[in-house]
Amino acid sequence: MNLDIGNWKPFKFGKLIDDIYKAKAYAKIELSTSSHKRTGYLPFVSRTETNNGVDCYVSESDVDNIEDGNAIVIGDTTATVSYQSNPFVTGDHMIVIRAQWINKYVAMFIVALLRRERFRYSYGRAFLKESIEKTYLLLPARHDGNGVIVKDKESGFSDEGYIPDWQWMEEYIKSLHYKPLATAVKKQTAVPLATDTWKEFYLHRIMNAQMGNGIDAVATTSNTPRYNYVSRDSNGNGVVGFVDEIEGEEPFPAGTMTLALGGSFLGACFIQRKPFYTAQNVAVLSEKVPLSDYVKLFIATLIRNECKVKYQAFGRELNAHFRKDFTIKLPVAHDENGLNVIDDRREFSDEGYIPDWDWMEQYIKSLPYSDRI
């Protein structure tokens, strides 16, 4: 099934649900716990990001209020979202959502969209019940056999009368299959990696380096989203949201690279596939000369490795360095006699060295799975 969001419509989440409430909180330390499910034990759902929100399993005899399964659960201070199919109990700050349309397939679809809202919230700005209800989700709308969107204002799902196409969402999730990732590139074709002749280059000499938009998440909306929103994250190519056009802000073009200047994922560097805005402390790198994605991936990897050694989150971050004294070592171009080619213009370095862009591309192409890029 094709995922074409061009005709999707915004729905206020509060209009889609039947009930939303804060669950009774149990203190894990006061309960009999186990790391594995066993007879008489229930999932204990907390604000953890891992294991679908299940922190551990607790004894049924220790609790007097068990939540029914088939519910979406949100940790309000962390904006962590999960779907619980079986009965469960929760820790503190957990919101339970129930609706007639919820089943494991539609819930997976909705949970994925709610998780994309996480970049707007934190301990300082919690994803509270009122905020959850006011959140707009872009969803497929029901249409007739001719592709015309059906409207029914009596449905109560939207002021315009749009009806979410729950059946399509379920079928889409059911259609998602995977097979083991394969590659036609053999390990023995890898280009030897000899770094002893590499030379040091300032990042701002080989790439155009500038600060991003610096837009706070709270200043964005997602009613009719057009652009990716890139933050200091190491997952999803750094993209944490899909936001509306922001008046007065110019999006950066696809093909440029983003670099997290601080935070827990300092040095996270990615090629952006679509036009985008950035959050605070995100730099944008653009090419001075045409570079392939293979070369950009090579450079991004070196940037990350350099940051692991010389820089520190919340200590020695990149803000004061990426346009000044941040360096990486690269292979340099040489002639048929093995002598380094010198550029009289000294564009990339004061010594006249020229990065060997072609070698970098060929190296990445020689790696297994490079044919999947």
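General remarks:
- Sparse packing (at most 15 other Cβ atoms within 10 Å of the Cβ) combined with a DSSP loop state is found for the following GluC sites (Glu not before Pro) in the stretch 197-271: GLU245, GLU247, GLU249.
- Whole-Å distance, taken between Cα centres, linking the stretch 274-296 and the stretch 1-62: 37 Å
- Excluding ligands, DNA and RNA, the accessible surface per residue across the stretch 1-76 is 56 Å² with a 1.4 Å probe.
- The stretch 226-323, accessible area per residue, ligands and nucleic acids excluded (1.4 Å, Å²): 45 Å²
- Nearest-ten-degree value, helix 293-310 long axis tilted from longest Cα axis of the chain: 80 degrees
- Extension gain, LEU3 back to ALA182 (0.36 nm per residue minus Cα-Cα distance, nm): 62.1 nm
- Set of the stretch 1-25 residues, backbone N closer than 19 Å to the point 7 Å along the Cα-Cβ line of HIS143: 1-11
- Spin-label pair ASN65-ASP344: with each label point 7 Å from Cα along the Cα-Cβ axis, the two points sit 8.1 nm from one another.
- Residues whose amide H falls under 5 Å from that of THR256, counting only those 5 or more places apart or on a different chain, are GLN272, with hydrogens built in the peptide plane.
- Table column - 3J(HN,Hα) (Hz), the stretch 246-260, Karplus curve with 6.51, -1.76, 1.60, x for Gly and Pro: 10, 4, x, 10, 8, x, 7, x, 4, x, 7, 10, 10, 9, 6
- Of the chymotrypsin sites (Phe, Trp or Tyr not before Pro) found in the stretch 264-373, those in coil by DSSP whose Cβ has at most 11 other Cβ atoms within 10 Å are PHE314, TYR369.
- Maximal additional length on extending the ALA112-ASN337 stretch stands at 75.4 nm, based on 0.36 nm per residue less the C-alpha distance.
- Working ranking of peptides 236-242, 25-31 by packing, defined as the average number of other Cβ atoms within 10 Å per residue, highest first, is 236-242, 25-31.
- Value of relative contact order over the stretch 226-322, rounded to a whole percent, pairs C-alpha under 8 Å and six or more apart: 29 percent
- Whether the stretch 324-373 is rounded, prolate or oblate, judged on the alpha carbon gyration tensor where a/c under 1.5 counts as rounded: oblate
- Projected label distance in nm at TRP101 and ARG323, using a 7 Å step from Cα toward the beta-carbon: 4.6 nm
- Sulfur and carbon atoms: percent of accessible area, the stretch 237-323 [1.4 Å]: 51 percent
- Whole-number percent relative contact order across the chain, with pairs defined as alpha carbons under 8 Å at least 6 apart: 15 percent
- Within the stretch 273-373, GluC sites (Glu not before Pro) in DSSP loop having at most 15 other beta-carbon neighbours inside 10 Å: GLU336, GLU347, GLU351
- Over the residues of the chain, the helix contribution to mean residue ellipticity at 222 nm works out to -4500 deg cm²/dmol, using -39500 (n - 2.57) for each DSSP H run of at least 4.
- Look at where the Cα atoms of the stretch 144-214 and of the stretch 320-373 average out, and the two centres are 29 Å apart.
- Per residue Cα convex hull volume in Å³ - calculated over the chain: 200 Å³
The values are calculated or read from the model by the stated rules, or taken from the named source; none is laboratory data. Predicted, not measured: the structure shown is a model, and the values here were computed from it. FYI the Cβ positions are ideal-geometry reconstructions off the backbone, even for glycines, and counts take in every protein chain you see. These area figures cover heavy atoms from the full protein model, side chains too; ligands, DNA and RNA do not enter into them. Shrake-Rupley method; radii C 1.70, N 1.55, O 1.52, S 1.80 Å.
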